[in-house]
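Student: Dropping the structure in here first, questions after.
The values are calculated or read from the model by the stated rules, or taken from the named source; none is laboratory data. Quick caveat: nothing in here was measured; it's all calculated off a predicted structure. Neighbour counts run over all protein chains shown; Cβ positions are idealised from the backbone, glycine included. Remember, those area values only see protein heavy atoms, side chains included, never the ligands or the DNA or RNA. Shrake-Rupley method; radii C 1.70, N 1.55, O 1.52, S 1.80 Å.
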Amino acid sequence: MKKTPKPDSTRTPPEPSESHAEIEDWLRRRVMPDLHPVVQALDESIRKTIPKLQYAIKWKRAYYGLPKLGWIIELAPYDVSANVVFFGGAEFDPPPPLGTTGRTRYVKVKTLEEANASEMRGWIKQAARVRGWR
């Protein structure tokens with residue numbers, strides 16, 4: 001039987017931290033070696049693009065947020081790709097291509113080229129201006 005995910009409204013958001021240390025530890029211990037450069041590049045791009053971020057790890061995923069907007073980006077690495085989830089992505093112009101429910105949209109990233117693409121940087125910039133998950 002297929003398990004349906006709970007809507008965000010029934011899930012408890014992670015507790016924010018000003019320290020990036022928990023994400024650094026997560027990168028070292030939880031991300032598959034072949035995918036590590038891709039996730040590292042995404043993390044660096046997010047931190048470089050959006051000032052005054054808050055961080056958290058929950059459900060084996062990294063969360064990036066802003067105090068006034070909530071959680072705006074989630075990084076979810078798997079074996080061969082990482083999902084970059086934008087909690088307000090439906091409001092982006094253009095929106096990320098995957099996801100059809102609610103305001104959340106995401107993109108699968110498999111290569112450094114995809115992680116460093118101008119379109120990815122544009123979505124990260126837009127995430128800093130759109131309400132996220134609270």
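Student: Would you count, across the chain, every pair of lysines whose alpha carbons are under 16 angstrom apart, provided the pair is eight or more residues apart or spans two chains?
Tutor: Value for the chain: 5.
Student: By how many nm would the segment from residue 118 to residue 60 lengthen if fully extended, with 0.36 nm per residue of separation less the alpha-carbon distance?
Tutor: Gain in length upon complete extension: 18.2 nm.
Student: Another question, then. Heavy atoms only, 1.4 Å probe, whole protein assembly: order 43, 79, 93, 25 by accessible area, highest first.
Tutor: From most exposed to least exposed: 93, 79, 25, 43.
Student: Would you mind working out the accessible area per residue for the chain, using a 1.4 Å probe, and quoting it in Å²?
Tutor: Normalised by residue count, the accessible surface of the chain is 60 Å².
Student: Here's a follow-up. Pairs of alpha-carbon atoms within less than 8 angstrom and 6+ residues apart define the contacts here; what relative contact order does the chain have, in percent?
Tutor: Over the chain, the number comes to 24 percent.
Student: Any idea how far apart residue 90 and residue 24 come out in nm if each label point goes 7 Å out from Cα toward Cβ?
Tutor: 3.8
Student: Within the chain, which is the longest segment that contains none of the chymotrypsin sites (Phe, Trp or Tyr not before Pro) sitting in a DSSP loop with at most 13 other Cβ atoms within 10 Å?
Tutor: 1-58
Student: Percent of accessible area on the chain owned by carbon and sulfur, 1.4 Å probe?
Tutor: Reported share for carbon and sulfur atoms: 52 percent.
Student: Another question about this same structure. I need the semi-axes of the equivalent ellipsoid of region 60-134: take the C-alpha gyration tensor, multiply each eigenvalue by 5, square-root it, list largest first in whole angstrom.
Tutor: Output for region 60-134: semi-axes of 18, 14, 12 Å.
Student: Please work out, to two decimal places, the log10 of the ratio I(q)/I(0) at q = 0.12, 0.17 Å⁻¹ from a Debye calculation in which every Cα of the chain carries one identical scatterer.
Tutor: Those come out to -0.42, -0.88, one per q.
Student: How about region 59-134: which GluC sites (Glu not before Pro) there are in a DSSP loop, with at most 15 other Cβ atoms within 10 Å of their Cβ?
Tutor: none
Student: Give me the net charge of residue 126's neighbourhood, meaning all other residues with Cβ under 14 Å from the Cβ of residue 126; Lys, Arg count +1, Asp, Glu -1.
Tutor: +3
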